[in-house]
Amino acid sequence: MLLGLELFAYRQSFSPDGKVDKSENGIYPRINFNTPFNSFISVFIVLANEGWALLYQNAYRSTDPYSTSIFFYSLVVIGQFVLMNLFVAVLVENFEELSVRNDLMNKLRKANQRTSWEKFKDIINRCLKRPENLSFIPNVSDDLATNKYEEMKKKQDLDR
């Protein structure tokens, strides 16, 4: 934008018949680099890749053809590369967000599909691994201990 201001500001004036006119009577094209706002709009037109040929032709006819070509072609190539990378980054981020969301939804579905009996068994198994967690279930540890003792006693009686 600033380079376009420096290279082309108030240098693109044309006579009513379309010839280059360097006098004060020249008419500036509607799309130009004369002000920062116009320069921003012109660069946006080039980056959008829509209708920049007229802008390029006006600059080419009224200023140095080599600097004009270098400016516009580099702006198109570098600008399109940056915009493409930005577009790809947004797509990748959206796909990643979508995959994380799908993983969470699948985990929630699996958790909701479990029966209450399976949930209860999971709680008991977790508590048996750490007996201090049994405090919220009254008399479970005593019942489990007596059941184990009775099972062991029955086995010994059967072995005799």
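The values are calculated or read from the model by the stated rules, or taken from the named source; none is laboratory data. No experiment lies behind these values; they were computed from the predicted model shown. Heads up, the Cβs are rebuilt from the backbone with ideal geometry, glycines too, and the neighbour counts pull from every protein chain shown.
When you look at SER69, is it within 16 Å of PHE33 (Cα to Cα) and at pLDDT 85 or above, yes or no? Please lay out each step first, then the result.
On the way: within 16 Å of PHE33 (Cα to Cα): yes; at pLDDT 85 or above: yes.
When the stated conditions are applied, SER69 passes them.
Checking ILE31 against (1) within 13 Å of ALA9 (Cα to Cα); (2) touching a helix residue (DSSP H, G or I) at 6+ places or on another chain (Cβ under 6 Å); (3) in a helix (DSSP H, G or I), which test does it fail?
(3)
Just checking, how many residues over region 17-67 are more than 21 Å from LEU83 (Cβ to Cβ) and in contact with a Gly (Cβ under 7 Å, 6 or more places away or on another chain)?
Residues in region 17-67 being more than 21 Å from LEU83 (Cβ to Cβ) and in contact with a Gly (Cβ under 7 Å, 6 or more places away or on another chain): 0 in total.
Report the residue count in region 55-70 for those that are touching a residue at least 24 places away in the same chain (Cβ under 8 Å), more than 13 Å from ALA9 (Cα to Cα) and under 34 Å from the mean Cα position of the chain (by Cα).
The qualifying residues number 0.
Restricting to region 78-92, and then to whatever is modelled with pLDDT under 90 and not hydrophobic (A, V, I, L, M, F, W, C), can you tell me which residue is surrounded by the fewest Cβ atoms within 10 Å (Cβ to Cβ)?
By that ranking, first place goes to GLN80.
Being in contact with a Pro (Cβ under 7 Å, 6 or more places away or on another chain) and at pLDDT 80 or above narrows it down to one of ASN49, ASN58, so name that one. Write out each step before concluding.
Working: ASN49 fails: in contact with a Pro (Cβ under 7 Å, 6 or more places away or on another chain).
So the residue among ASN49, ASN58 that is in contact with a Pro (Cβ under 7 Å, 6 or more places away or on another chain) and at pLDDT 80 or above is ASN58.
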